[in-house]
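Below: the structure, in structure tokens.
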Amino acid sequence: MATVEANPEVHTDLMQAVVLEQYGSEDNLKLESVPRPKITADQVLIRVHAASINPIDWKIRQGMLKWILPEQLPAILGFDVAGEITEVGYSAQQQGWKVGDQVMAFSDNNLGGGYAEYIAVDSKVIIAKPEQFSFEEAAGIPLAATTAWKALVKLGKLHAGDDVLINGASGGVGSFAVQIAKALGANVTAVCSSDNHELVHELGSDKAIDYHATQFTRIGRTFDIVFDAVSKSSFHECRRILKPTGHYIATLPSVESVGMTMISKFQKQSCHVVLARPDGEILKSLASLANEGKLRTVLDTVFPLNEIAAAHLKSEEGHVVGKIVLHVTKEMPNEQSQHEQ
């Protein structure tokens, strides 16, 4: 038997979802009625209250990642969701999950599936939503914050007292990276526009560099970790500001970064490309920081689901401060607006 607990209010087999019909422009994202997912014993069904936009979403939409994430279209995008459990598979129930639990998840579906009223995910990739977070704030966490944690902790081997530079510090991944690095005891230098220096200092950075005025790869100090959260630099450029055993980490693979990742295995300075995957243990660590008041989501804009094209366009334009989030339930919350900030 696939499920042992279900919400009696869930009675329709259809849901609203944004479907990518074919690769190309944002106009290829269509709001449609589609079958609601069926769950397996290991899964839960989440009624999605909010989902977030990540650059990987529009890169998939444009067909840029077909060689990495091949998928037959039509498909539903979106890796980050926050919502309420409405069905629980047998094995998931044994882990303590139940109908009504408020959760956030990093979808383990191939292309996400989060731009929808319901999503089925493995119970290993969900975590209880921090109580003090709205669904919109919680939805901004999974992919971006997991990327930052993996970059700093898993690849950068961050220790208390390390000197860390984060390029793109006011963006989705970067804003979490600043907070994670500071929470773990690092000395943090943030690189972003001067307009966002006040924000990154609030998030925990000790110093801030305006990339318009200063080329950060030529400043007169060195770092244990240089995390380029927007992949605007290269390992070659950053070696001069790395300590002898320092780590350079980028978020986008390039010919140089892939090659240098292999070569640097035989060198003291290392080059890495971080590729986030759903990881329940990392989500637990992030939720712990959030519950301790050491991690928060910076919301740039909240769009309703039917304005998905505008949300993608805003993400593609760049210069997003924090996260762009989709409000999926039918009514926009009073405290949020697509015109926020």
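The values are calculated or read from the model by the stated rules, or taken from the named source; none is laboratory data. In this text, all values refer to a predicted model and were calculated from it rather than measured experimentally. Glycine also receives a Cβ, built like all others from the backbone with ideal geometry; neighbour counts cover every protein chain displayed.
Odds and ends about this structure:
- Odd one out for Met262, checked against (1) at pLDDT 95 or above; (2) among the aliphatic types (A, V, I, L, M); (3) over 24 Å from Thr189 (Cα atoms): (1)
- From the list Gly156, Gly161, Gly168, the lone residue that is in contact with a Cys (Cβ under 8 Å, 6 or more places away or on another chain) and over 28 Å from Asn306 (Cβ atoms) is Gly168.
- Tally, over segment 185-214, of residues that are surrounded by fewer than 18 Cβ atoms within 10 Å (Cβ to Cβ) and either in contact with an Asp or Glu (Cβ under 9 Å, 6 or more places away or on another chain) or not in a loop (DSSP other than H, G, I, E, B) (or both): 10
- Count of segment 15-24 residues which are buried (at least 18 other Cβ atoms within 10 Å of the Cβ) and over 11 Å from Leu305 (Cα atoms): 3
- Residue selected from segment 25-62 under the condition exposed (fewer than 13 other Cβ atoms within 10 Å of the Cβ) and in contact (Cβ under 8 Å) with a residue 40 or more places away in the chain, by the criterion nearest to Val121 (Cα to Cα): Lys38
- Within segment 159-194, the residues that satisfy the criterion of being of a type in the set (Gly, Ala, Ser) and in contact (Cβ under 8 Å) with a residue 60 or more places away in the chain are Gly168, Ala169, Ser170, Gly171, Gly172, Ser175, Ala183, Ser193.
- Here the condition is being under 19 Å from the mean Cα position of the chain (by Cα) and among the small types (Gly, Ala, Ser); of Ala181, Ala213, it holds for Ala181 alone.
- Residue in segment 282-333 that is farthest from Asn54 (Cα to Cα), counting only those that are hydroxyl-bearing (Ser, Thr, Tyr) and outside any strand (DSSP E or B): Ser288
- Subset of segment 121-147 (residues that are small (Gly, Ala, Ser) and either surrounded by 24 or more Cβ atoms within 10 Å (Cβ to Cβ) or over 13 Å from Trp97 (Cβ atoms) (or both)): Ser134, Ala138, Ala139, Gly140, Ala144, Ala145
- In segment 96-119, residue modelled with the lowest pLDDT [restricted to those that are among the hydrophobic types (A, V, I, L, M, F, W, C) and closer than 11 Å to Ile76 by Cβ]: Leu111
- Residue that is within 21 Å of the chain's Cα centre (by Cα) and modelled with pLDDT under 95, where the choices are Met1, Met64: Met64
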